[in-house]
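The values are calculated or read from the model by the stated rules, or taken from the named source; none is laboratory data. Note that the structure is a prediction, hence the values are computed from the model and not measured. Reconstructed Cβ throughout: ideal geometry from the backbone, glycine too, with neighbour counts over all protein chains shown. Protein only, heavy atoms only, side chains kept; ligands, DNA and RNA dropped before computing areas. Shrake-Rupley method; radii C 1.70, N 1.55, O 1.52, S 1.80 Å.
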Amino acid sequence: MKNFEADTINETQAIEHLKIFYPTIQNEIAQLSAQNNFPAIIQSTVDYLKVLLQESKINIVNRNIKMMEWLYKNGTFNVKHIIENLFIRSFGSLKKHTDNQQWNILYQYMPIEFQQIYLNQTRLDEIMFKKN
């Protein structure tokens, strides 16, 4: 039986892609990689996106989201799970770092699958944390 994850990107491979794609935080990624801490690496990318948003670099943020979409589509179950639960879940926090116009632009260019995951997460959060 063929292993369906053989052609997919695992955490180690994803880290190597992220080191290349994020030269600004490459040292931080390398340090976290040495600790085998893929979730912290994804969190570092989120923190970097917040800095870019504060600098109004929406186009660069969009490009970074597209990169994460590529990793998500080609990643193993674990890679996808971490991207969903850290990167996509962070969109609510990213939204707080933008004005309405910036958020609309960002959301417009966000991959549809990420939009759907984000909306589902938001709905579930509202249900789970709804005050009676």
Please sort by residue number the trypsin sites (Lys or Arg not before Pro) in region 1-82 whose DSSP state is loop and whose Cβ has at most 12 other Cβ atoms within 10 Å. LYS2
Taking LEU86, LEU94 and ranking on accessible area (1.4 Å, protein atoms only), highest first, one gets LEU86, LEU94
Let me cross-check ILE112: its accessible surface, 1.4 Å probe, with only protein heavy atoms counted, in Å² to the nearest 10? 110
What ranking of THR8, THR76 comes out by heavy-atom accessible area, probe 1.4 Å, highest first? THR8, THR76
Over every pair of different alpha-carbon atoms in the chain, take the mean of 1/r and invert it; report that Kirkwood radius in Å. 15.5
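In terms of solvent-accessible area of protein heavy atoms at a 1.4 angstrom probe, what is the ranking of LEU119, LEU52, highest value first?
Numbers: LEU119 70, LEU52 5 Å².
The ordering from most to least exposed comes out as LEU119, LEU52.
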For the pair THR122 and ASN85, the simple spin-label estimate (label points 7 Å beyond Cα toward Cβ) gives in nm 2.2
At 222 nm, what value in deg cm²/dmol follows for the chain if DSSP H runs of at least 4 each add -39500 (n - 2.57) and the sum is divided by all its residues, to the nearest 500? -21500 deg cm²/dmol
Rounded to the nearest 0.05, FRET efficiency between GLN101 and ALA30 (Cβ-Cβ, R0 41 Å) equals 0.70
Counting heavy atoms of the protein chains only and a 1.4 Å probe, report the per residue accessible area for the chain as a whole number of Å². 62
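Of the accessible area of the chain, with the probe set at 1.4 angstrom, what percent is carbon plus sulfur? Mind showing how you got there, number by number?
Numbers: 4200 of 8210 Å².
In the chain, the share of accessible area belonging to carbon and sulfur is 51 percent.
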